[in-house]
Amino acid sequence: MNKITCAFISVLHHSHKSYGSAALLGRQLSYKSDLSLDKIYPNARLQLYTPPPPPPGSGDKFNGYIPMDKLEISYSRSSGPGGQHVNTSNTKVDVRFKLSEAQWIPEKTREKLLKSLANKLNKEGYYFIKSDLTRSQQMNLADALEKLRSLIRAQELDEPVAPSEETLEKLRRRQEKAVRQRLQLKRSRSQTKQDRQT
């Protein structure tokens, strides 16, 4: 027998104590999945908060800290499959911020971002990041923030070093070899078809 049936039978056995049976019935017969979040993560706080900023003096590189109070976050209905949950909950996340006023991004990186994202900023200078990857607001917000971090860190990478003469020669030889092999295969297929005709 499952838990609910056992609980119901035990409540019926103790039904002569009418003073507590209603409360007992309501508490024991309510169903809660073993996979509910409070059972999987018993000590988790499902609240958004901004962690304290890292100590100063971390250099002119982006340290990953994004102050939540400097972002404008809005939620809307997601698109795509997901059943009735899509129609009833606002899980899509839109994060926007004014790039020119983002003091939490290092100055050099901010200038690079302003140049590379010039066509993606709106008239007021806001940059938008959207995420509807999952059906959870918090997971989508985390995804949007990770997209933002990746975008900033990509601008901080050093300029690609030009390949050496030796590397260029290796690439040229490899390309020539690939061309020779392709032509040889083509010739052999042509010869096979000619042999079939005779």
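The values are calculated or read from the model by the stated rules, or taken from the named source; none is laboratory data. These figures come from a predicted structure and were not determined experimentally. Quick reminder, even Gly has a Cβ in these numbers, built from the backbone with ideal geometry, and neighbours come from all protein chains shown. These area figures cover heavy atoms from the full protein model, side chains too; ligands, DNA and RNA do not enter into them. Shrake-Rupley method; radii C 1.70, N 1.55, O 1.52, S 1.80 Å.
Tabulated values for the structure
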item: Residue in the range 74-123 that is most open to solvent (accessible area, probe 1.4 Å), counting only those that are part of a strand (DSSP E or B) and in contact with a helix residue (DSSP H, G or I) (Cβ under 7 Å, 6 or more places away or on another chain); result: Y75
item: Test result for L157, open to solvent by less than 60 Å² (accessible area, probe 1.4 Å) and of a type outside the set (D, E); result: no
item: Criterion violated by T134 - all others in (1) surrounded by fewer than 12 Cβ atoms within 10 Å (Cβ to Cβ); (2) within 21 Å of S79 (Cβ to Cβ) satisfied; result: (1)
item: Filter pass, G59 being modelled with pLDDT of 80 or more and either closer than 22 Å to A154 by Cβ or under 17 Å from the mean Cα position of the chain (by Cα) (or both); result: no
item: Filter result for I152 (assigned to a strand (DSSP E or B), under 21 Å from the mean Cα position of the chain (by Cα) and hydrophobic (A, V, I, L, M, F, W, C)); result: no
item: Single condition Y127 does not satisfy, out of (1) assigned to a strand (DSSP E or B); (2) open to solvent by 40 Å² or more (accessible area, probe 1.4 Å); result: (2)
item: Sole exception among (1) more than 40 Å from the chain's Cα centre (by Cα); (2) in contact (Cβ under 8 Å) with a residue 60 or more places away in the chain for Q197, by number; result: (2)
